[in-house]
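Have a look at the structure below, then the notes.
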Amino acid sequence: MDEPGYFAVSRRGVLQSGAAGFAAGTVPGASVAFAAENKAGAIAVSRMPVRLEVNGEGHDLTLDTRTTLLDALREHLHMTGTKKGCDHGQCGACTVIVNGERINSCLSLAVMHEGDAITTIEGLGTPEAMHPMQAAFVKHDGYQCGYCTPGQICSAVAVLKEIAAGVPSHVTEDLGAPMQASNMEMRERMSGNICRCGAYSNIAEAMAQVAGESA
Amino acid sequence: MKPFTFERVSSPAQAAAAAAKSRGARFIAGGTNLLDLMKLEIEAPTHLIDVTQTGLGEISATGDGGLRIGALVTNTALAAHERVKRDYGVLSRAIVAGASGQLRNKATTGGNLLQRTRCPYFYDTNMACNKRVPESGCSARGGVSRQLGIVGVSEACIATYPGDMAVALRVLDAVVETVRPDGSARTIPIAEFHRLWGDTPHIETALEPGEMITAVVLPAPLGGTHLYHKVRDRRSYAFALVSVAAVLDAEGRGRVAVGGIAPRPWRVEAADAALPDAAAAARALTQGASPTDQNAFKIALVERTLAGVLAKARGEFA
C-alpha cells in the first residue's frame, strides 16, 4: 500500500503511537478502532483504507477517519494548491471539484470519497498550459495575495457549468428561462468564496470573459 | 474532533440496523453541518454511519401528481429539477437563498431538515446553552440576540430553526418519510417535524433516536405565484433575520410561512385566512411574541416583508 508520509507538522503525538504497524485486517467499508495511549488516558483512534482519485491519478491511503478531504490532499498527498482558510465551510479557499461539482473540501471526510473523481487547482492547468479560467484571472488581475485564488478558480469553473446546466441562483428572475451568465449571477454564485483583498470585480470580469459575455 | 468509527451501509434497512446497534452513532450524508459541529466538539458521535450509498438520491412522481424527493437529493439537484422549478418555485427559491453553491452541492434534503441552530451561544462551548448541555442555562437571554427567535421560544431557549428549504416545505405541506431502527416506516407532516423547544431544547425534531429520513413528499402542485423573500444582514450567504415563503393568487390570497423567527418554520392558519391583509396576517403570525430588546424589530419586519411579498404577487413591482 502506497502511503506518502505525513508532514511533520501534522503528526500529533497522539497519532504517532497508534499509526505504527497498522495496515492489514481491515473490513471493506468499515474502519477499525484501536486504543492509543496518551497522557489524558486511552482514546479510540480509528483508521480506514481509502483510494482517492485526484486529477486522474489514484492514491491508496490509510487515514484516520477524521481526516477531511482538504487535509488528505494537503498533508497526505502534499498537494498544497488547495488552501485551508477558515476550515468551517465559510470562506471557500478549500473549494475543489468532485464529480464535476464544486464542494468545500474542509467539510467532507476523505473516507467518503472512495471512487470519486477529484479535481484540484493542480489538475485544471499548469503554468505552461493554463486553464482558460486561470488565464482570465491573470489577464483581469483577479487576485492580489493569491491565497483564495485556487478556490476562486475551482469555484468559477464549476459556476459556469452550473449556469449551463440550468441551476438557478438567488438572483435568477425567471426559473423557467435559460440561466444567464450575467455579472450579478457571477457575484451571487461566487458568494461562498471570500477574498480579503477584494478582487471581486476583477474575478467577475474574468468569469464573464470565459463565459463569452462582457461584464 | 473526537475520534469515531466509520461504517458504510447500502440500504435504509442496513442504516436503521446499524443505528440500533450503536448508541453514540450519527448518520452522515453531506456532512456540511455535522462535520462543522464535530470540529467544534459540539457534536461528538462515536460512530458515523455513511448513508450516501443507500439509493435515496432520486426524485420521482407520486400517484397523485406530487413528487417524492429522496433524502439524499442534494439542495442543488432539488432546486434545479425541472418539475420543482416549474411547479414548486417557492422551494427552488428558498433553497438558493441559503448557504453557498459549494454547500448546496453537498447538503442533502434529509440533512438540511436536521441542520442545527446558529445561535452564537450554542456554538460557543464556553457559554451556557440548554440545547448543547441540557439544564446548563441560556446565555442568549441577556446576550446578543439580534438573530434569535421571537415566537414559539421558551424560557430555556430562544434559538431559531435556521434553514430556508423547510420554510418552503411548510408552505407546501410536505410530508417526511422515515425508517425507524426496528425497520418500520412512518410519515411525519412537516408541521409536526420540528418541535418547539419547551423545557427540552436539545430535542429538536419528532425523530426518535436512530430514525432516518428516507424521503420528503410534496403534494400535487398548488399553482399560483411562488415567492421566497429573505431579509438578512448580507445580501448573500447569510442566515435570515426574517424570511417569507408564499404561494399566492393574483389578489394576494393563499399561504405564507415565516423563517428566522421561531424554532420551526412558522405558519399560522389565522394568518393565511387574513390574507391579503399584510398587517392582520403579521399580527396573527407574531401573536404572543416574546422578543428581546435586540430582536423586537422582527415584529415589524415580518409585516413589512409580508407586505413586500404581497405587492410582488399582485404585480405591483417587478
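Bear in mind these aren't lab numbers, they're just calculated from the coordinates by the rules spelled out. Everything quoted here is computed from the prediction, not taken from an experiment. Glycine gets a Cβ as well: all are built from the backbone with ideal geometry, and neighbour counts include every protein chain shown.
Things to note:
- Model label sites at B:R235 and B:A44, defined 7 Å from Cα along the beta-carbon direction, differ in position by 4.3 nm.
- Neighbourhood net charge (14 Å Cβ-Cβ; Lys/Arg +1, Asp/Glu -1) for A:G123: -3
- Overall form of the range A:60-127 per C-alpha gyration tensor (a/c, 1.5; a/b vs b/c): rounded
- Contact order normalised by residue count of the range A:41-186, Cα under 8 Å, 6+ apart, percent: 22
- Cross-link pairs exceeding 28 Å between alpha carbons, from the set B:K85/B:K298; A:K161/B:K312; A:K161/B:K85; B:K39/B:K106; B:K39/B:K85: B:K85/B:K298; A:K161/B:K312; B:K39/B:K85.
- Oblate is the label for the protein assembly as shown, because the ratio a/c of its alpha-carbon gyration tensor axes (a ≥ b ≥ c) is 1.5 or higher and a/b is not greater than b/c.
- Positive dipole terminus of the protein assembly as shown, leading residue within B:W266, B:C129, B:S100 (C-beta point charges): B:C129
- Ascending count of other beta-carbon atoms within 10 Å, so fewest first, for B:L222, B:L148, B:L72: B:L222, B:L72, B:L148
- Shielding by other protein chains, A:173-185, mean Cβ within 10 Å: 2
- Cα extents of the range A:126-214 along the three principal axes, largest first (Å): 40, 27, 20
- Unit charges on C-beta of K, R, D, E only; dipole of the protein assembly as shown, Debye: 920
- Simple Cβ-charge dipole of the range A:83-215, Lys/Arg +1 and Asp/Glu -1, about Cα centre, in debye nearest 20: 340
- Global form of chain B, assessed from the alpha-carbon gyration tensor, a/c cut-off 1.5: oblate
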